[in-house]
Amino acid sequence: MTLRLSRRKDDVRKIWKEFVNNLEPLDSLLKERGRFPENFNRHLWDDLVFNTAIHAYTQALNCYHYNQLEASMAMCRTAIDSAIYLGITQVREESITSHSFREISPELRKKVWRWNNLERFGKQFGLLDDKTLEMVRKVRKVGSFSAHLAASQDLEFRDWNDRHQDDFKKWYEDMEKAAQGKKSLNWEEMVSVFQTAPPPPVFEDVPRRWTIPEEGWIVLRVTGYCLATIITRYFVNEATMSKAPLK
């Protein structure tokens, strides 16, 4: 099998620029708080706390750049989960360059990464509201499809088959009736059956098998918006300064 790579350099640049622009107000605020010089050209929202999530997002963009769409979508989910995880496990301090690890109960320590906990604590510490949460869930749904591709395709097909099995059953019955119960047919008889029996059902919905480029483009942009929102809220919401443990 030959691996064919197609590039989408301009698309990726546009998405990344949009993401950076969404975080520009926060970047200016952080540089002002930290009294950084005007010519300081690093993104503080990347250097402080959220580098792992940003790294995952750039991986998603790189995969999209080379048409590796399933890998891209899986990394979008990883980027979202990572941002929430970092936001709830790091206590924000008055100094923007200082952060401390939030206390986690022993029972929860190895379970914080699970989505129900990320969602619960994300809302508790003000990283997620209903609107953002709805978008995050959609990103994660697409990412989960790609991360568990074989199982996702199988489930799609089984659900599709369940929805339409009655339609196919009727069509098979019509075909059998037109064939007059014969188990085998010569060519002329087969042509006659196809002319007599109705055509197979036409379905508007089809089992989903892959992520298409248009969908990938949308998910990447939505992921960037959600990341920018989560990161901004971490640095501006007072709730993230709470030292309340995760339990």
All positions within segment 202-217 that are farther than 19 Å from Lys138 by Cα and touching a Phe, Trp or Tyr at 6+ places or on another chain (Cβ under 9 Å): Phe203, Asp205, Val206
Subset tally (residues that are free of Cβ contacts under 8 Å to residues at least 24 places away in the same chain, among the aliphatic types (A, V, I, L, M) and closer than 30 Å to Ile218 by Cα) for segment 139-198: 3
Failed condition for Val202, given (1) within 30 Å of Gln153 (Cα to Cα); (2) assigned to a helix (DSSP H, G or I); (3) not basic (Lys, Arg): (2)
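Just the residues that are among the acidic types (Asp, Glu) and not assigned by TED's automatic domain parsing to the domain that holds Arg158, please, taken from segment 174-210. First the steps, then the outcome.
Residues of segment 174-210 that are among the acidic types (Asp, Glu), as a first pass: 174, 176, 188-189, 204-205.
Glu204, Asp205 - these are the residues of segment 174-210 that are among the acidic types (Asp, Glu) and not assigned by TED's automatic domain parsing to the domain that holds Arg158.
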Where a residue in segment 99-127 is assigned by TED's automatic domain parsing to the domain that holds Asp81 and farther than 16 Å from Cys226 by Cα and its partner, wherever it lies, is surrounded by 12 or more Cβ atoms within 10 Å (Cβ to Cβ) and among the aromatic types (Phe, Trp, Tyr), with Cβ under 7 Å and at least six apart: Val112/Tyr85; Trp113/Tyr85
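Residue by residue, here is whether (1) touching a His at 6+ places or on another chain (Cβ under 7 Å); (2) under 19 Å from Arg137 (Cα atoms); (3) assigned by TED's automatic domain parsing to the domain that holds Val136 holds:
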{"site": "Leu30", "(1), (2), (3)": "no, no, yes"}
{"site": "Gly34", "(1), (2), (3)": "no, no, yes"}
{"site": "Gly87", "(1), (2), (3)": "no, yes, yes"}
{"site": "Arg92", "(1), (2), (3)": "yes, no, yes"}
Unique residue being at pLDDT 95 or above and more than 18 Å from the chain's Cα centre (by Cα) when the list is Ile54, Ile88, Ile80, Ile96: Ile88
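Which residue out of Val222, Val202 is aliphatic (A, V, I, L, M), at pLDDT 95 or above and either surrounded by 13 or more Cβ atoms within 10 Å (Cβ to Cβ) or out of contact with any Lys or Arg (no Cβ under 8 Å at 6 or more places or on another chain) (or both)? Spell out the reasoning first.
Numbers: Val202 fails: at pLDDT 95 or above.
Being aliphatic (A, V, I, L, M), at pLDDT 95 or above and either surrounded by 13 or more Cβ atoms within 10 Å (Cβ to Cβ) or out of contact with any Lys or Arg (no Cβ under 8 Å at 6 or more places or on another chain) (or both) holds for just one of Val222, Val202, which is Val222.
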Filtered residues of segment 201-243 (kept if more than 28 Å from Arg92 (Cβ to Cβ) and of a type in the set (Val, Ile, Thr)): Val202, Val206, Thr211, Ile212, Ile218, Val219
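Return the only residue of Glu107, Glu103 being touching a Pro at 6+ places or on another chain (Cβ under 7 Å), more than 17 Å from Val236 (Cα to Cα) and of a type in the set (Asp, Glu).
Values: Glu107 fails: touching a Pro at 6+ places or on another chain (Cβ under 7 Å).
Answer to the selection: Glu103.
The values are calculated or read from the model by the stated rules, or taken from the named source; none is laboratory data. Since we're looking at a predicted model, the values are computed, not measured. Here the Cβ is made from the backbone with ideal geometry for all residues, glycine too, and neighbour counts use every protein chain on show.
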